[in-house]
Amino acid sequence: MMRKASAALPAGTFILLIAALWEAGTMLLGIPHYIIPKLSDVFVSMWDNRQTLAGHFAVTLGEALLGLGLSVALGTLAAVWIEGSRLARKTLYPLIVASQTIPIIALSPIMVLWFGYEVWSKVAVVILFTFFPIAVNTADGFRSADPEIGDLMRAMGARKRDLFLKWKLPSALPGFFTGLKMAATISVGGATLGEWLGGESGLGMYTKRASNMLRAEAVFSGVLLLSLMGILLFLAARLAERAVLSGRFPGEQGR
Amino acid sequence: MSGLQVQAEERAGTQPGGTGGSGSRLSVRPAILSVRGLTYGFSRAEPLFAGLDFDVREGEFVSFVMPSGMGKTTLFRLLAGLLAPQAGTIAVGEERAAAAEASRLGHIGYMPQRDSLLPWRTVLDNAALGLELRGTPKREARHRALELLPVFGLEGTERKHPHELSGGMRQRVSFLRATLGGGKLLLLDEPFSALDAMTRAGMQEWLLQIWERHRKTILFITHDVDEALLLSDRVLAASASPVSAFSEIAVDLPRPRDCGAVLEERFIRMKRELLRLLGRETRGSGGDRR
């Protein structure tokens, strides 16, 4: 615990320093409040609107989590399919990789077209953002399974099911978690974008509306909360990773 | 080549008691493994094995010594059932007729060159893997593995993960896994080649002790002539590809043996003979290792 605290000290100090510079800079340099508001004003605005913000936070978090959950299910299924079928490996896998050259942001309006202005268009955009890292990293995890272990298990009489459950699946877990951590971070961005494209609630909608009204404190408080959400989701994914992979590798981290 | 083989077999069989009596004791035991006309190659043009015959009797410790690249590991993969012979039969135990590879899978303990332990499993769960794959309930498999940990010098490591163990310890776990998982036959593929010389000497003595207590049939691949002679009842050697017969040396050193045996005159004579069979004619002391 002490070690952890002391490891976080430099970064914590740095953040405090930036916060202090922000506060002092905006006061001393006379930057207009609609360009960069004072940090204290941002917090005041956050506090004044705490109930509204909490509601929007919950909406965006819900969209991100729902999309993330569906991506985990779909991405893992796709990875299992790619692993299990030679045809899928030759057709689906390159397609999924190539699909990443399509600018996802450009595709997002199509989701609105298909799923309307309700929550599902936001969830669809989140899936658009998070499916790829999970599917590809999990598929790569399957492929990284040590063939010698597979041979050994076959020599010991393992059936197909054993090979999948006791060799392939555990081998793919580190890759899956790498994908999950990436996906967790960008899921918030997906949800935000979905809300920009049209929505009644959520922090993305809140910041956009505040921006239109030049309420810089409100914009910044929304942005800070979205960043916090991204960090929290990433930490949650890492926590899950450590819980599942604990003791597996030298050092504390899975990968 | 095959004449030499017969001669060697006769010698092993007729030595009355010899020293320690390993020769005569083994000759009456039934063959646990018989290979007939084994042919295999990765390309048709240059097979690794062409019509290879050999037998291994129950309870025997047999080493295979061949120069690199002649298919030692391929031979073991064939024996384990991971590869199918292009011609010929490999019969284990009673089922002489059963040539199907599937019938061997799960009946032969295999210890690969690298330990190939599952990094996500504890020592105990790694050791129990073979039993688990053969359908033993997990609890019972763990229980049986736990009982054997002290015998294999692994007491107190059951909750550790492989990366927390030294190379020698990992090989012990791998050996325990092969012992528990396989049937009557153990295939050890250069298990000590990755260890440093000190650890290797320790592991050789350790393996001798374990084997002398349990007397499972062991087939052992090595490129280390000393190691082969020290451990084995018989050493099968080949020096030219494709292998159609093994030349054989019956090692009539008394058991129990320890590392001091390599200094005996008889040992050095056999070593010179083995090096000659391997096509490495030596003048003088014949102290060429590997």
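Can you work out D for the stretch B:108-182 in µm² s⁻¹ from Stokes-Einstein, where Rh is the Kirkwood radius over C-alpha pairs, the temperature is 25 °C and the viscosity is 0.890 mPa s?
208
Using a probe radius of 1.4 Å on heavy atoms only, what accessible surface per residue do you get for the stretch B:149-215? Whole Å² is fine. Write down the numbers at each step before the final one.
Details: 2630 Å² over 67 residues.
It amounts to 39 Å² per residue over the stretch B:149-215.
Rank-order A:103-109, B:143-149, B:105-111 by packing density, defined as the average count of other C-beta atoms within 10 Å over each peptide's residues, highest first.
Sorting A:103-109, B:143-149, B:105-111 by mean packing, highest first, produces B:105-111, B:143-149, A:103-109.
Under a point spin-label approximation (7 Å from Cα along Cα-to-Cβ), what is the B:R213-A:R242 distance to one decimal in nm?
Each label point is offset 7 Å from its Cα along the Cβ direction, giving 4.1 nm.
Could you list log10 I(q)/I(0) for the protein assembly as shown at q = 0.06, 0.13 Å⁻¹, which the Debye formula gives when each Cα is one point scatterer?
-0.47, -1.24
Excluding ligands, DNA and RNA, what is the solvent-accessible area per residue of the stretch A:86-183 at a probe of 1.4 Å, expressed in Å²? Before the final figure, lay out each step's value.
Numbers: 4860 Å² over 98 residues.
Per residue, the stretch A:86-183 has 50 Å² of solvent-accessible surface.
Within the stretch A:106-125, find all residues whose amide N lies under 19 Å from a label point positioned 7 Å from the Cα of A:S201 along Cα-to-beta-carbon.
A:116-125
What number, rounded to the nearest 500 deg cm²/dmol, is the helix-based mean residue ellipticity at 222 nm of chain A, given -39500 (n - 2.57) per DSSP H run of at least four residues and division by all its residues?
Per the formula, -27000 deg cm²/dmol.
Please give the average number of partner chain Cβ atoms lying within 10 Å of the Cβ of each residue in A:143-154, rounded to a whole number.
Details: counts 0, 0, 0, 4, 1, 5, 7, 2, 7, 17, 9, 7.
The mean count of partner-chain Cβ atoms within 10 Å per residue comes to 5.
B:D115's amide H: which non-local residues (gap 5+, or another chain) put their own amide H closer than 5 Å, with H modeled 1.01 Å from N in plane and none for Pro or chain starts?
Amide H to amide H, under 5 Å and 5 or more residues apart or across chains, B:D115 pairs with nothing.
What residues have an amide H closer than 5 Å to that of B:R57, excluding those fewer than 5 places away on the same chain, when H is modeled at 1.01 Å from N in the peptide plane?
For B:R57, the qualifying residues are B:I32.
So how strong a dipole does the protein assembly as shown carry about its Cα centre when Lys and Arg Cβ are +1 and Asp and Glu Cβ are -1, to the nearest 20 debye? Walk me through the numbers before you get to the answer.
Values: 62 positive and 51 negative charges, 78 e Å.
Using Cβ point charges on Lys, Arg, Asp and Glu, the protein assembly as shown gives about 380 debye.
Pick out, in residue order, every one of the trypsin sites (Lys or Arg not before Pro) in the stretch B:147-254 that is DSSP loop and has at most 13 other C-beta atoms within 10 Å; say none if there are none. Let's see the in-between values first.
Working: sites: B:R159, B:K160, B:R170, B:R172, B:R177, B:K184, B:R200, B:R213, B:R215, B:K216, B:R234; in loops: B:R159, B:K160, B:K184, B:R215, B:K216.
For trypsin sites (Lys or Arg not before Pro) across the stretch B:147-254 that sit outside H, G, I, E and B with at most 13 neighbouring Cβ atoms in 10 Å, the list reads B:R159, B:R215.
Using alpha-carbon pairs under 8 Å, 6+ residues apart, how would you state the relative contact order of the stretch A:38-245 in percent?
So the answer I get is 29 percent.
Using a 1.4 angstrom probe with every protein chain in place, what is the largest-first accessible-area order of A:K90, A:K38?
A:K90, A:K38
How large is the accessible surface of B:S193 in square angstrom, using a 1.4 angstrom probe and rounding to the nearest 10?
B:S193 has an accessible surface of roughly 50 Å² with all protein chains in place.
Ignoring ligands, DNA and RNA, what percent of the 1.4 Å accessible area of the stretch B:108-182 is carbon and sulfur?
Of all accessible area on the stretch B:108-182, carbon and sulfur atoms account for 46 percent.
Taking H as built 1.01 Å from N, whose amide H comes closer than 5 Å to the amide H of B:L48, not counting residues under 5 places away?
For B:L48, the qualifying residues are B:Y40, B:G41, B:F42.
Which chymotrypsin sites (Phe, Trp or Tyr not before Pro) in the stretch A:103-139 sit in a loop by DSSP (not H, G, I, E or B) and have at most 15 other Cβ atoms within 10 Å of their own Cβ?
A:Y117
Along the charge dipole of chain A, pointing to its positive end and built from +1/-1 on Cβ of Lys, Arg, Asp and Glu, which listed residue (A:L235, A:M46, A:L224) has its Cα farthest out?
A:L235
Going by the alpha-carbon gyration tensor, a ≥ b ≥ c the square roots of its eigenvalues, is the stretch B:28-186 rounded (a/c under 1.5) or, if a/c is not under 1.5, prolate (a/b greater than b/c) versus oblate?
prolate
Please say if chain A is rounded, prolate or oblate, where rounded means a/c under 1.5 for a ≥ b ≥ c the square roots of the C-alpha gyration tensor eigenvalues, and otherwise the choice is prolate for a/b larger than b/c and oblate otherwise? Show your work: numbers first, answer last.
Working: a/c = 3.05, a/b = 1.66, b/c = 1.84.
Judged from the Cα gyration tensor, chain A comes out oblate (a/c at least 1.5, b/c at or above a/b).
Between A:S85 and A:D146, take the C-beta separation as r, use R0 = 25 Å, and let me know the FRET efficiency to the nearest 0.05.
Values: r = 21 Å, r/R0 = 0.86.
The calculated FRET efficiency here is 0.70.
List the pairs from B:K160/B:K271; A:K122/A:K160; A:K122/A:K166; B:K138/B:K216; A:K90/B:K72; A:K38/A:K122 whose alpha-carbon separation is above 30 Å, in the order I gave them.
On the way: B:K160/B:K271 40 Å; A:K122/A:K160 39 Å; A:K122/A:K166 37 Å; B:K138/B:K216 24 Å; A:K90/B:K72 34 Å; A:K38/A:K122 32 Å.
Those over the limit are B:K160/B:K271; A:K122/A:K160; A:K122/A:K166; A:K90/B:K72; A:K38/A:K122.
Give, in nm to one decimal, the length gained when the segment between A:F14 and A:L214 is fully stretched (0.36 nm per residue of separation minus the Cα-Cα distance).
Using 0.36 nm per residue and subtracting the Cα-Cα distance, I get 69.1 nm.
The values are calculated or read from the model by the stated rules, or taken from the named source; none is laboratory data. Computed from a predicted model, the values in this text were never measured in an experiment. All Cβ positions, glycine included, derive from the backbone under ideal geometry; neighbour counts span all protein chains shown. With ligands, DNA and RNA removed, areas are computed over all heavy atoms of the protein, side chains included. Shrake-Rupley method; radii C 1.70, N 1.55, O 1.52, S 1.80 Å.
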